[in-house]
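Comments concern the structure below.
The values are calculated or read from the model by the stated rules, or taken from the named source; none is laboratory data. Computed from a prediction, not measured in an experiment: that's the story for all the values here. No Cβ is skipped: glycine too gets one built from the backbone with ideal geometry, and neighbour counts run over all protein chains shown. Each accessible area value is taken on the protein alone, full model and side chains, heavy atoms only, with ligands, DNA and RNA left out. Shrake-Rupley method; radii C 1.70, N 1.55, O 1.52, S 1.80 Å.
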Amino acid sequence: MAAPAFKNGLVRWIDHRLPVFSFLHHELHEYPTPKNLSYWWNFGSLAGIVLVIMIATGIFLAMHYTPHTLYAFDSVERIMRDVNYGWLIRYIHMNGASFFFIVVYIHIFRGMYYGSYKAPRELLWILGVVILLLMMATAFMGYVLPWGQMSFWGATVITNLFSAIPVVGDWIVTWLWGGFSVDNPTLNRFFSLHYLLPFLIVAVVMLHMVALHRFGSGNPLGIDVKGPQDSIPFHPYYTAKDSFGLGVFLILFAGVVFFAPNLFGEPDNYIPANPMVTPPHIVPEWYFLPYYAILRAIPNKLLGVIAMFASILVLFILPWLDTARVRSAKFRPTYRKFFWVLVIDCFVLGYVGANPPEGWFVITGQIATAYYFFHFLILLPVLGLIERPLPLPQSISAPVLKPAEGKA
Amino acid sequence: MRRLISAVALLLAFGTAAEAAEAVKPPKQHWSFSGIFGTFDRASLQRGFQVYKEGCAACHAVTQLSYRDLKGIGYQEDDIKAIAAQAKVMDGPNDAGEMFERVGRPSDKFVRPFPNENAARAGNNGAFPPDLSMIAKARVGGPDYVYGVLVGYVPPPAGVTVADGMHFNTYFPGQQIAMPAPLNVDGVPYQDGTKATVEQQAKDVTTFLTWASEPTLEARKQMGIKVLIFLIVFTGILYAAKRKVWASVH
C-alpha cells in the first residue's frame, strides 16, 4: 500500500501521521472490482446507506420519544403532529425498517444465487448472518416502542417463546420482561437496546467490509479475477453505478413514505396497548412472517421455537452444506431451478405466516417448512456432488469482450 | 409455558369468534383526500367537525387534538378561541392548592366527555365509546370502514337475534354494535345549505376524523410530489453520469 502523492500539502501532512487518505484511496480508488458486476451487486452498499438513514432518523426520534407505558403512544403521536417534520422522520424510520429488510433479503438471495458464501468468503457470509440476526432483534424491539396493540401483543408472544426452554424457561421470560408481564421495565430496556444494537450492526458491518476487501467482490460468473484486464477501480465505476441504483431505490422509498406510509403497518398498532384486550390476530411485521410460519408449523412448542431459530442458524453452515465447487448458479442448471423454488417457498411461508393457523394453511405451512430445511440440509449437499456444471469461461473479460468483438 | 398456551388459546378463540361473525367488507368510497394529489375538502371538514361536536362528542373523545389544531380545517384564531371557550377545563392546583375549572383555551386538548373509561362505560350501558382521534388509521379499511359503520345500520336479517342493548350493523365486526345509529336526517343543521342526509353527514364526519387521524396528510402529499419530481430528475442525471463513466468499459 504505497502512499499516493497527494497534491494538497495539508492532506500530505495529515496522511503522513494518520494515513486516512491513503486508506480511502486504497479501498475506494485502487480497490480492484470485477468489471462484470450486475445491478444485483447494488444491494450491499444500499443496505449500508439504509442503515445510516435509520440511525440518523432514529437519533432524532429518540429526542422526542418517551419510553414509558403511559406516554409512549402519545409521544409518538406528538412527533406525528407537533414536532416540525416529525411525521416525515417517523415515516422514514418506520418504512425504512421494511425497506432495510427488502434490501437485505435481496442481498442475501443474491449471495445464494451466485454462491457468494463459498471459499474464501465464508466468514464474510457468516458476518452477514450475524448482521441479519442483529437487525431482527433491533427491528423487533423497535416495533414495541410505539406501544400500540401489536407492539404489546407482539412483544408478549415473542418473549413468551423463551418459556419453551425446559426448566429455566419461565425464569428467563421473567428476567427478559423485568417483571411478570410485558410492562414498563420491558419497554425501557427495549428502548435502550434498540438504541444500542444499531451501533453493534455498524461494527459488524465494518468487519463485513474488512472481510469483503480481503478478496474483493464475487461476480456473476463466480470465477476469480485473473488479472488487471478483469477488474476496474471501484471509484468512479461502481460509485457511479451504485449512485444510480440509490436514486431508483429512493424513488420507490419516497413513493411509500409520502403516499402509502402505512402500507406495511398494522392498523391495530394505532390503538394504544391494552393488556386486557387481545387483538383478533396477532401478526408480526411482514419481514418476520416466514419465521412465524415455521414456528407454528410444528405442533410441539419447543420444537417449533428450535425450528424457527434453526431456519436462520442453518445459514451459518451454508458454506459447508453446499458441496458444489462452482460458485455461480449461471453454470449450475439444476441448482438454478431449486434456487427459485426456495424463493417461492419463502414467499409461501410468508403468506402462511400472515394467516391464522387454520385449515389448509396448517398443512401448507408444514410442507413449506419441511421443504425449507430439505433445501439446505439434503438438497444442497447432494446436488453439489451429482450435478454436472456447465463449462466455465476462461476469464471475466473473455465473455465480456466477446459481444463487443462480434459487433465490430 | 402456561402463559404461552393461554395466549395461543386466546388467539384461537378470538380467531374462530371473528370468523363466526363474518364482517362485510365496507365498499370503497371516493374521498377528496385520496390519491397522490388529494387534499381535504375544507367545507366538508368544517361540516364534519360540526357533526362531531354536536353528535359524537357526547360520548367519543378525540384526545390527540388540541383546539389550536382547528386552524388546519380553516378556522381563524377568533373562531378557535370561541370554540375552545365553550369547554370547561379542569386546571390547578392554584395558590390555595385547589383544583379549579376554567374556560378552555386554544392550547388545550379537546376536553373528553368522560373523565375515565369506567365513567364512560357506566354512562353507556357497559360499552366503551372508543377515542376517535386515530380511528381512520386504526381500523382495517380506514375511512371506508368508518363511513360503512355510520351508514351500516339496517334491520337485522331474519334469523339473527340482536342481543339486549345492541344494534345490528352490516360492517361492524360481529355485526352487533352497542352504539345506536348516531346520525339522523337533518340531525345537524348545516349552515352552508348542504342537505344533511345521513350519507352526507357520514361522509363529512369521516373526512373530519381522517384529518384528525393525520393532520399532516396534506403536507405529506405536497412534499411527496416535489420530492418525487426531484428524485426522478436527479436519478436521470445519475443514470447519464453512469453511462458516461462506463462508456470506455463496455
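Tabulated results
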{"item": "Charge dipole (debye, nearest 20) of chain B; +1 at Cβ of Lys and Arg, -1 at Cβ of Asp and Glu", "result": "1280 debye"}
{"item": "16 Å reach of a label modelled at B:Q29, 7 Å along Cα-to-Cβ, counting backbone N of region B:45-64", "result": "B:45-53, B:55-56"}
{"item": "Farthest toward positive dipole pole in region B:89-211 [+1 Lys/Arg, -1 Asp/Glu at C-beta], among B:Y171, B:I135, B:L209", "result": "B:Y171"}
{"item": "Assigned charges on the beta-carbon of Lys, Arg, Asp, Glu; chain A dipole about Cα centre (debye)", "result": "1320 debye"}
{"item": "Angle in degrees between helix B:198-213 and the longest Cα principal axis of chain B, rounded to the nearest 10", "result": "60 degrees"}
{"item": "Pairs of lysine residues in chain B - Cα separation under 13 Å, sequence separation of 8 or more or cross-chain", "result": "5"}
{"item": "At least 15 Å along the helix axis (C-alpha) and Kyte average at least 1.6, DSSP helices within chain A", "result": "A:43-64, A:122-144, A:301-313"}
{"item": "B:A127-A:Y71 pseudo-label distance in nm [points 7 Å out on the Cα-to-Cβ vector]", "result": "3.5 nm"}
{"item": "Alpha-carbon centroid distance for the pair region B:214-249 / region A:1-66, whole angstrom", "result": "23 Å"}
{"item": "Sulfur and carbon atoms: percent of accessible area, region B:54-99 [1.4 Å]", "result": "49 percent"}
{"item": "Hull shadow area, averaged, region A:1-46 [alpha-carbon convex hull, nm²]", "result": "4.4 nm²"}
{"item": "Trypsin sites (Lys or Arg not before Pro) within region B:156-250: DSSP coil, no more than 11 neighbouring Cβ in 10 Å", "result": "B:K195"}
{"item": "A:L263-A:I344 FRET efficiency (beta carbon distance; Förster radius 22 Å; 0.05 resolution)", "result": "0.45"}
{"item": "Label-point gap, in nm, between A:F316 and A:I172 - each point 7 angstrom along Cα→Cβ", "result": "1.4 nm"}
{"item": "Ranked order, B:R112, A:R327, B:R121 - accessible area, probe 1.4 Å, largest first", "result": "B:R112, B:R121, A:R327"}
{"item": "Diffusion constant of region A:95-187 at 37 °C, which comes from Stokes-Einstein with the Kirkwood Cα-pair radius and 0.692 mPa s, µm²/s", "result": "213 µm²/s"}
{"item": "log₁₀ of I(q)/I(0) at q = 0.06 Å⁻¹ - the protein assembly as shown, Debye sum with one point per alpha carbon", "result": "-0.44"}
{"item": "Furthest towards positive pole of dipole, B:A57, A:S151, A:P34, structure part the protein assembly as shown, Cβ charges", "result": "A:P34"}
{"item": "A:D268, B:D79, ranked by accessible area, largest first (probe 1.4 Å)", "result": "B:D79, A:D268"}
{"item": "Where B:R139, A:R81 fall by accessible area, highest first, once all protein chains stay in place (1.4 Å)", "result": "B:R139, A:R81"}
{"item": "Cβ-based net charge around A:P120, under 12 Å, with every Lys or Arg adding one and every Asp or Glu removing one", "result": "+2"}
{"item": "Label point at B:D164 placed 7 Å out along Cα→Cβ; residues across region B:114-157 whose backbone nitrogen lies under 16 Å", "result": "B:124-127"}
{"item": "Area buried, chain B against chain A - accessible surface, total, 1.4 angstrom probe, square angstrom", "result": "4200 Å²"}
{"item": "Within a Gaussian network of chain A (alpha carbon springs, distance under 10 Å), most fluctuating of A:A398, A:A164, A:A310", "result": "A:A398"}
{"item": "Max mean-square fluctuation residue, GNM over chain B, Cα-Cα springs under 10 Å, options B:N116, B:N169, B:N184", "result": "B:N116"}
{"item": "Centroid-to-centroid separation of region B:61-99 and region B:22-48 [C-alpha atoms, Å]", "result": "27 Å"}
